[in-house]
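Structure, as structure tokens:
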Amino acid sequence: MPEPGDIIGYRKSGRPIHLAAGGAVADVTAWIPEEFSSEVIARVQQMSVIERLARAWPMANTLRHVPRSAGMDVSAIAAGGTYAEDVSLNDEIILVARKIGEGLRLNDEDLKDSSLVDILNTKKLDWATSYAKFLDQACLGVSGAESMPTIPFTSVYKTVRTTDATLSYTADDNYVASASGAAVTYDNLSDVLGRVEVGDYWDPTDAVVIAHPSFKAKLRGIKDDQNMPVFVGGQGGDRGTPDTLFGYEIAWSLGARVHATATANPTGSPLLICGNRNFLYRGDRSGPESALAGPDSGPAFLTDQALMKMRSRRAFKVAHVKAFSVLEDVV
């Protein structure tokens, strides 16, 4: 007879199950969320500029309030004169975490017979690619107003094209569009950068240009008055120098494209966004992570089907509209 402490079986993870005093230990392995591997996290960060570049704010629950200073004025004072008092209106940014995920159902027979293919990790990497494009598009290029579940965030594109009286911003002040169906020009690029380079929220050390990869072909042939290319390709991949536009780093994103709702496959006009990365606020509530319900427990018990879900809870906000400008390559 087995004694307390003896191994009486093994979990799916390979860990032994020991006999406890009074009976066998209940196997609750299927209830424990399964974290994504570092390979998946690397794929997300490689594909998503929001995950890689946006300023991260940890979130302990669904909401996080982030104070926003309106700055402070300054004026000259005559000897014995009275100081003017600043009346700038300070407020806050509210980050709201939204859940992004997908489920997958697999036959137990397929999982057991796929000795040469790691189905679960392959599907995790597939989801990571789609998630990265979805998150970027939701944060950068959605043209509609925030409305769950189809539009989780107010995008940079929507923010720049909307009046904000509190910030003394008029819709499209920082928006540039190419002529419909025409090539992007030097003037388009100079214009879109010029709209933020003269503002209080521009900092060359934190400046970034986010563009759809289709801009690569459009930029290669554009030169300045000195016949020098405005676009310079980087050297050495991720470990070398980055691609630059007018000397500013370019981050490429397949999500930098206009679409009415959030999607991993946007179909609208490509975007080139200039701004200060510190004013892209990303809230991190949880994930990316996965959870697995095996075929021998729970709702899958009578079907021999494993259920896996991938998920992440993220928030996003443009901290100040005047920190960004947008060039739309109208198609």
Test ILE93 against the criterion of being out of contact with any helix residue (DSSP H, G or I) (no Cβ under 8 Å at 6 or more places or on another chain), buried (at least 16 other Cβ atoms within 10 Å of the Cβ) and part of a strand (DSSP E or B), and give yes or no.
yes
With the requirement that a residue be free of Cβ contacts under 8 Å to residues at least 24 places away in the same chain and either basic (Lys, Arg) or in contact with a Leu (Cβ under 8 Å, 6 or more places away or on another chain) (or both), what does segment 301-331 give you?
none
ALA323: of a type in the set (A, V, I, L, M, F, W, C), within 20 Å of LEU193 (Cβ to Cβ) and surrounded by 23 or more Cβ atoms within 10 Å (Cβ to Cβ), yes or no?
yes
Scope segment 250-267; condition assigned to a strand (DSSP E or B) and either basic (Lys, Arg) or surrounded by fewer than 17 Cβ atoms within 10 Å (Cβ to Cβ) (or both); matching residues
ARG257
Look through VAL87, VAL44, VAL66, VAL74 and report the one residue that is at pLDDT 65 or above and part of a helix (DSSP H, G or I).
VAL44
Residue tally, condition in a loop (DSSP other than H, G, I, E, B) and under 27 Å from LYS309 (Cβ atoms), over segment 268-298:
4
Of the residues ALA262, ALA211, only one is at pLDDT 80 or above, within 29 Å of ASN121 (Cβ to Cβ), in contact with a Phe, Trp or Tyr (Cβ under 8 Å, 6 or more places away or on another chain) and of a type in the set (A, V, I, L, M, F, W, C); which?
ALA262
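The values are calculated or read from the model by the stated rules, or taken from the named source; none is laboratory data. Only a predicted model underlies this, so the values are computations on that prediction, with no experimental measurement involved. Note that we place each Cβ from the backbone using ideal geometry, even for glycine, and neighbour counts take in every protein chain shown.
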